[in-house]
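For reference, the structure is listed below as structure tokens.
Coordinate-derived values only; no laboratory data. Everything quoted here is computed from the prediction, not taken from an experiment. FYI the Cβ positions are ideal-geometry reconstructions off the backbone, even for glycines, and counts take in every protein chain you see.
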Ligand SMILES: Nc1ncnc2c1ncn2[C@@H]1O[C@H](COP(=O)(O)OP(=O)(O)OP(=O)(O)O)[C@@H](O)[C@H]1O
Ligand SMILES: [Mg+2]
């Protein structure tokens, strides 16, 4: 039997009060597929990827992650969150814990891993994001780029099958964007399923199998990065691309 | 000073017992109160608001008198009428006093903890949820310590007040706490200056030691913050 798709969203709708934020969003992400999501501010990009690990509730439609239906019952959420790692715009490292403690907390408490084993794993991933020497430091002692790389390592320590990124580089100073993108490119090379909200078009060209353009809570256009960027079909995407080019 | 030395020692001990017990009870009421005020259910929020508004509005002495002469009697009477306890049952006055004092402190603790929770960046809870951390781990290891870091100075003030308010207890029962011992001794010997100064010294001692401990806790709670 073939593995089920990594993520299936089927007619998902979300509202905050009267604000209808996601309108009939349907999306199929295959195992190992790398999807970049872009769109203007407020278009529902964050809401969409936060639905996938249950950080945001959806009112109707269906979401299935790695073959597990995401419902309101706690068991499905727990299983899905084990499989899905997430990296945020604002890093969200735990400030009172060291880098190493940030990385071992979930493997030890969720998976019941022994400390020695969890620390060895954490050091391996900190090595992969190229900051093993910072393991004993607190987040506030690191640069933004280093903090974001720790956040990536922390998520990887749960050995997820899917990684979600919500604008991982937009809170960074320009000179630190590269180191985080490099880490993500490397991760993409390892065959991880990735959904990434970003406006880094170079990154999208380099790693994305598919780019999704959202506007007003809908998926307006999608396709391979080169064709999508070279020949946008809708006026909304043309306008958006023009804006991005101007600001970069 | 006669044999008052041992009485003062016992008085300090009682003052500390009352303070510690009422404070711990206050922390429990505070956690419950803050949970109620932050809960998604309107009825609980209302209850939490009533609690903090009423308790903080009324004088502590009045609340203590109500607890002793109205509530304790009513509850034991009710318990006796349904045969839960014997008809001559009365609550242990120490217990009534520390619960009443704790209930009062709990209203202040409620506000402090609520502010601490509201000061948490939303991303902290998001990250903890995304990692799949369970409720106890989320609050015990991630959010709780950060709330405490924010709340510790104010909780320290509540503790210092608890040590002072413990002396209210002698109004409602025969408790020989520091203040009671000193006023009895002063009245008996007419040596007011000596014995009230001694009482003041006892409270000063308690608060100086408390502040040293609080300071150490505060430094510890700030791990990872503003170190450069
Ligand atoms: N928790 C919330 N409560 C109420 N409204 C919300 C909430 N989260 C998002 N919204 C609203 O939903 C809409 C979509 O927000 P979302 O954060 O998904 O957009 P986005 O595409 O990620 O935007 P950005 O590029 O600014 O991050 C916005 O109008 C926002 O105001
Ligand atoms: Mg967003």
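Quick one: in the stretch A:98-143, which of the residues that are away from every other protein chain (no Cβ under 14 Å) and touching a residue at least 40 places away in the same chain (Cβ under 8 Å) is surrounded by the most Cβ atoms within 10 Å (Cβ to Cβ)? Taking the candidates together, the pick is A:129.
The strands (runs of 3 or more DSSP E) found entirely in the stretch A:154-246 that carry 2 or more residues being within 14 Å of chain B (Cβ to nearest Cβ) and either more than 16 Å from ligand 1 (Cβ to nearest atom) or on the phi > 0 side of the Ramachandran plot (or both) are A:162-166.
Filtered by the rule that a residue be free of Cβ contacts under 8 Å to residues at least 40 places away in the same chain, under 16 Å from the mean Cα position of the chain (by Cα) and away from ligand 2 (no atom under 16 Å from the Cβ), the stretch A:35-92 gives A:54, A:80, A:81.
Would you say residue A:102 is within 16 Å of ligand 2 (Cβ to nearest atom) and in contact with a helix residue (DSSP H, G or I) (Cβ under 6 Å, 6 or more places away or on another chain)? Here the answer is no, as residue A:102 does not meet what is asked.
Among the residues of the stretch B:205-217, is there at least one that is within 14 Å of another protein chain (Cβ to nearest Cβ) and either surrounded by 13 or more Cβ atoms within 10 Å (Cβ to Cβ) or part of a helix (DSSP H, G or I) (or both)? Please lay out each step first, then the result.
First, the residues of the stretch B:205-217 that are within 14 Å of another protein chain (Cβ to nearest Cβ): B:217.
Cutting the leftovers down to either surrounded by 13 or more Cβ atoms within 10 Å (Cβ to Cβ) or part of a helix (DSSP H, G or I) (or both) gives us B:217.
Yes, that holds for at least one residue.
Considering A:90, A:15, the condition of being under 30 Å from residue A:238 (Cβ atoms) and within 16 Å of ligand 1 (Cβ to nearest atom) is satisfied by A:15 alone. Residue count for the stretch B:104-131 satisfying the condition of being within 10 Å of chain A (Cβ to nearest Cβ), part of a loop (DSSP other than H, G, I, E, B) and either touching a residue at least 12 places away in the same chain (Cβ under 8 Å) or out of contact with any strand residue (DSSP E or B) (no Cβ under 9 Å at 6 or more places or on another chain) (or both): 1. Can you find a residue that is within 14 Å of another protein chain (Cβ to nearest Cβ) and in contact with a strand residue (DSSP E or B) (Cβ under 8 Å, 6 or more places away or on another chain) anywhere in the stretch A:67-75? Yes, the stretch A:67-75 contains at least one residue that is within 14 Å of another protein chain (Cβ to nearest Cβ) and in contact with a strand residue (DSSP E or B) (Cβ under 8 Å, 6 or more places away or on another chain).
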